[in-house]
Amino acid sequence: MSALLAPRRSVAINAPVPVENPVRVCFMIDRLSRAGTETQLLALIRELDRSRVQPSLVLLDGEDDLSRALEPADCPIIRLGVRRLFSMTAARAASQLRAFWREHRPDVLQAYFLDAAYFGVPLAKLSGVKRVVRVRNNLGYWMNGKHRVLGRCVRPFVDAVLTNTASGKQALIEQERHRSEQVVVLENGVDTSRFNRFMFPDTSKPRVRVGCVANLRPVKNIDGLMRVAKATLERFPKMVFEVAGDGEQRPELERLHAELGLGDRFKLRGSVTDVAAFLRTIDIAVLPSHSEGMSNSLLEYMAAGRAVIATDVGANAQLVRHGKDGLVVPAGEPESIADAIGELVANPMRAAAYGSSARRRAEAEYSRDAMRHRFENFYRTITAN
């Protein structure tokens, strides 16, 4: 394992490795959706060079219509229909999964999310899968005592843990007691081609549009963005705020929207399938989250060349260099977001320059092609030891 344990961006992880037989990688997740982690997984499966890596996919549940519709067409898939880990369905599914692995003979299991990890990680090791990898791309803001205990129970079966930020690595070391050398940082990628031929933001227009792409969950702080909008609209009455995304917090946010009297100046657009088209209508893109790993939305803002404002959580300050690619503001300070919006509106040339710089940075360092190479070389490295 010594080569695997080299630091991020080391020769061992990212340098080209001679190709022999393809590495067989089985990905395991609860179900598919259009959320960030699932979108990155599907992109990775789609982009992998089949001469280097042959993927298969296990869905712990995966029986709903959306998950079925998102299934990739070019890799073997099994749906287990497991919704509760302690059930007769789960016991039968374990037998089905072992048969699936005997047929496809994966070299690596890569498990996402809690239930898939608790179910798949020990079973894979007991079934003879050569290397078992867990993925955790957030900072563990949701963790409680039960999950800490279960995480430590599966830890002996895990050969490596993947995360997409340095702060995520530190959280894994502190919260789940993984050794530093066991945690590997592999950054996300964004399909920059979807954002070609974008105009750069023009905050000098009479009506400036401020946009956010986020699931409607408390950690995304959309309620805070509504309060920012209330304060900002007093200074810039022709401004419009729009949020693309849906989720459990929507009823609460609709009530707050009415209480604040935001009317048509703040719109909850619901789920948007074409994020690129949505971002074409936006001049300033805001990420107001309380916690993030490596935000897919932020990568999309950058690829679209938007003028970006992001809170200083997770990898946000790593992606967006303050004063070069956008503005990074303290989390939990809505007035700082309002002030940053005012700064960009008052300086349209600066806003356009931030957007241009962010676009170049996304293309150079965070493309899907760069992500693919990172993962392919990781699989070669971990199976070589």
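The values are calculated or read from the model by the stated rules, or taken from the named source; none is laboratory data. Computed from a prediction, not measured in an experiment: that's the story for all the values here. Positions of Cβ are backbone-derived with ideal geometry, glycine not excepted, and every protein chain shown enters the neighbour counts.
How many residues does the range 54-70 hold that are surrounded by 15 or more Cβ atoms within 10 Å (Cβ to Cβ) and either basic (Lys, Arg) or over 14 Å from Trp101 (Cβ atoms) (or both)? The qualifying residues number 6.
Taking every residue in the range 329-354 that is on the phi < 0 side of the Ramachandran plot and polar (S, T, N, Q) and pairing it with any residue that is modelled with pLDDT of 95 or more and exposed (fewer than 15 other Cβ atoms within 10 Å of the Cβ), at least 6 positions away or on another chain, the pairs with Cβ-Cβ distances below 9 Å are Ser336/Pro330.
Residue check: is Val328 more than 14 Å from Ala285 (Cα to Cα), in the same structural domain as Asn196 (by TED's automatic domain parsing), crowded, with 22+ Cβ neighbours inside 10 Å and among the β-branched types (Val, Ile, Thr)? Can you show your working first?
Values: more than 14 Å from Ala285 (Cα to Cα): no; in the same structural domain as Asn196 (by TED's automatic domain parsing): yes; crowded, with 22+ Cβ neighbours inside 10 Å: yes; among the β-branched types (Val, Ile, Thr): yes.
So Val328 does not fit the description; no.
Determine if the range 322-337 includes at least one residue that is aliphatic (A, V, I, L, M) and at pLDDT below 95. Yes.
For the range 203-238, give me each residue that is within 28 Å of Ala315 (Cβ to Cβ), outside any helix (DSSP H, G or I) and more than 25 Å from the chain's Cα centre (by Cα).
Thr203, Val208, listed by residue number.
Scanning the range 271-288 for residues that are at pLDDT below 95 and small (Gly, Ala, Ser), we see that the one that is farthest from the chain's Cα centre (by Cα) is Ala277.
Report yes if Asp223 is acidic (Asp, Glu), more than 28 Å from Ala166 (Cβ to Cβ) and surrounded by 16 or more Cβ atoms within 10 Å (Cβ to Cβ), otherwise no.
Numbers: acidic (Asp, Glu): yes; more than 28 Å from Ala166 (Cβ to Cβ): yes; surrounded by 16 or more Cβ atoms within 10 Å (Cβ to Cβ): yes.
It is true that Asp223 is acidic (Asp, Glu), more than 28 Å from Ala166 (Cβ to Cβ) and surrounded by 16 or more Cβ atoms within 10 Å (Cβ to Cβ).
Would you mind stating whether Gln175 is in the same structural domain as Ala116 (by TED's automatic domain parsing), outside any loop (DSSP other than H, G, I, E, B) and closer than 18 Å to Ser295 by Cβ? For Gln175, the condition - in the same structural domain as Ala116 (by TED's automatic domain parsing), outside any loop (DSSP other than H, G, I, E, B) and closer than 18 Å to Ser295 by Cβ - is not met.
Count, please, the residues in the range 276-312 that happen to be part of a loop (DSSP other than H, G, I, E, B), without any contact (Cβ under 8 Å) to a residue 40 or more places away in the chain and buried (at least 24 other Cβ atoms within 10 Å of the Cβ).
Taking the range 276-312 and keeping what is part of a loop (DSSP other than H, G, I, E, B), we get 281-283, 288-295, 304-306, 312.
Keeping just the survivors that are without any contact (Cβ under 8 Å) to a residue 40 or more places away in the chain gives 312.
If we keep only those that are buried (at least 24 other Cβ atoms within 10 Å of the Cβ) too, we end up with none.
Qualifying residue count, the range 276-312: 0.
Scanning the range 11-46 for residues that are more than 23 Å from the chain's Cα centre (by Cα), modelled with pLDDT under 90 and closer than 22 Å to Gln182 by Cα yields a count of 5.
Given the structure, is Glu248 part of a helix (DSSP H, G or I), among the acidic types (Asp, Glu), out of contact with any Ser or Thr (no Cβ under 9 Å at 6 or more places or on another chain) and over 22 Å from Thr192 (Cα atoms)?
Values: part of a helix (DSSP H, G or I): no; among the acidic types (Asp, Glu): yes; out of contact with any Ser or Thr (no Cβ under 9 Å at 6 or more places or on another chain): yes; over 22 Å from Thr192 (Cα atoms): yes.
Against the criterion (part of a helix (DSSP H, G or I), among the acidic types (Asp, Glu), out of contact with any Ser or Thr (no Cβ under 9 Å at 6 or more places or on another chain) and over 22 Å from Thr192 (Cα atoms)), Glu248 does not qualify.
Restricting the search to the range 80-118, which residues are in contact (Cβ under 8 Å) with a residue 12 or more places away in the chain, assigned to a loop (DSSP other than H, G, I, E, B) and either within 12 Å of Leu59 (Cβ to Cβ) or out of contact with any Cys (no Cβ under 8 Å at 6 or more places or on another chain) (or both)? Within the range 80-118, Leu80, Gly81, Val82, Arg83, Leu85, Arg105, Asp107, Phe113 meet the criteria.
What do you reckon, is Ala73 farther than 26 Å from Thr163 by Cβ and within 23 Å of the chain's Cα centre (by Cα)? Full working, then the answer.
Values: farther than 26 Å from Thr163 by Cβ: yes; within 23 Å of the chain's Cα centre (by Cα): yes.
For Ala73, the condition - farther than 26 Å from Thr163 by Cβ and within 23 Å of the chain's Cα centre (by Cα) - is met.
Screening the range 229-264 for residues that are within 24 Å of Tyr354 (Cβ to Cβ) and of a type in the set (D, E, K, R) and picking the one that is surrounded by the most Cβ atoms within 10 Å (Cβ to Cβ) gives Glu242.
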